[in-house]
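The values are calculated or read from the model by the stated rules, or taken from the named source; none is laboratory data. Not measured: the values here are computed from a predicted model. In this analysis, Cβ positions are derived from the backbone assuming ideal geometry, glycine residues included, and neighbour counts consider all displayed protein chains. Side chains included, ligands, DNA and RNA excluded: accessible areas come from the protein's heavy atoms. Shrake-Rupley method; radii C 1.70, N 1.55, O 1.52, S 1.80 Å.
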Amino acid sequence: MMSRNQARLLLAVCLAAGASAPVGASRGQETLVWVEKASEGFISLAYGPLDPAKVPLFLLSCFDAMGIAVLDVHTQIDGVKPGEALTIELTAGEAKSQVEGEAALDEANGVMFAEASDIAVKPVLEVLRQAGPVTVTIGKTSATLSDQGRADGVSKFSQDCQID
């Protein structure tokens, strides 16, 4: 089984191009889209800017070969320290999923965000399959994710990711 630090390192390597982008910078003015990518055992479903060099707001990653899934929510979370436990709640319609994670520090820009390693993928996908926007809540912080294009991304991610 992969350790949490190894999962972080692998995820960091996969997202290295986006690490230099400021989290949340001008998000209100950018078009955010759902994108699914699959490459050699790494599958991701992201909701973020069209520019792949920028960090997505929402990132669900599946490492099939290692049997591990990771959820990152890149939105400023105030009042927490790196490693502090937190709950990421996803809701859409009547569906709800809670994922236990922790606060993490994006060293490139000093912003705190939420991450959860070795998560169950199916409950998250059940929320993402619902019609309408998805609300992600972490303590007092929340973000709304559009449903435009989400169904297609979730469908492709579900086919490619073999983790429960």
Worksheet item: Has the stretch 132-140 got at least one residue that is at positive phi and either more than 14 Å from the chain's Cα centre (by Cα) or modelled with pLDDT of 95 or more (or both)?
Response: yes
Discussion item. Checking L59 against (1) in contact with a helix residue (DSSP H, G or I) (Cβ under 7 Å, 6 or more places away or on another chain); (2) within 20 Å of I163 (Cα to Cα): exactly one of these is not met. Which one?
Written reply: (1)
Worksheet, complete the sentence: When the stretch 66-101 is checked residue by residue, the ones that are assigned to a strand (DSSP E or B) and more than 18 Å from P56 (Cα to Cα) are I68, A85, L86, T87, T91, A92, A95, K96, S97, Q98, V99, E100
Worksheet entry | Output for the stretch 102-129, where each listed residue is assigned to a strand (DSSP E or B) and either charged (D, E, K, R) or open to solvent by 60 Å² or more (accessible area, probe 1.4 Å) (or both) | E102, L105, D106, E115
Discussion item. Taking the condition of being among the small types (G, A, S) and either in contact with an Asp or Glu (Cβ under 6 Å, 6 or more places away or on another chain) or more than 20 Å from V35 (Cβ to Cβ) (or both), how many residues in the stretch 132-146 meet it?
Written reply: 3
Item to complete: List every residue pair whose Cβ atoms sit under 7 Å apart, with the two residues 6 or more apart in sequence or on different chains, where the first one lies in the stretch 105-124 and is within 12 Å of I68 (Cβ to Cβ) and the second, anywhere, is part of a strand (DSSP E or B) and open to solvent by 20 Å² or more (accessible area, probe 1.4 Å).
Response: A116/E100
Worksheet item: Do we find that V70 is at pLDDT 95 or above, in contact with a helix residue (DSSP H, G or I) (Cβ under 9 Å, 6 or more places away or on another chain), under 17 Å from L105 (Cα atoms) and open to solvent by less than 30 Å² (accessible area, probe 1.4 Å) in this structure?
Response: yes
Worksheet item: From the set of residues in the stretch 28-41 that are open to solvent by 40 Å² or more (accessible area, probe 1.4 Å) and more than 14 Å from the chain's Cα centre (by Cα), which is modelled with the lowest pLDDT?
Response: G28
Worksheet item: Out of all the residues in the stretch 130-150, which are touching a helix residue (DSSP H, G or I) at 6+ places or on another chain (Cβ under 8 Å) and either of a type in the set (D, E, K, R) or surrounded by fewer than 14 Cβ atoms within 10 Å (Cβ to Cβ) (or both)?
Response: R150
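Per-residue answers, yes or no, for (1) within 19 Å of E30 (Cβ to Cβ); (2) surrounded by fewer than 16 Cβ atoms within 10 Å (Cβ to Cβ):
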| site | (1), (2) |
| --- | --- |
| L50 | yes, yes |
| A65 | no, yes |
| A85 | no, yes |
| A92 | no, no |
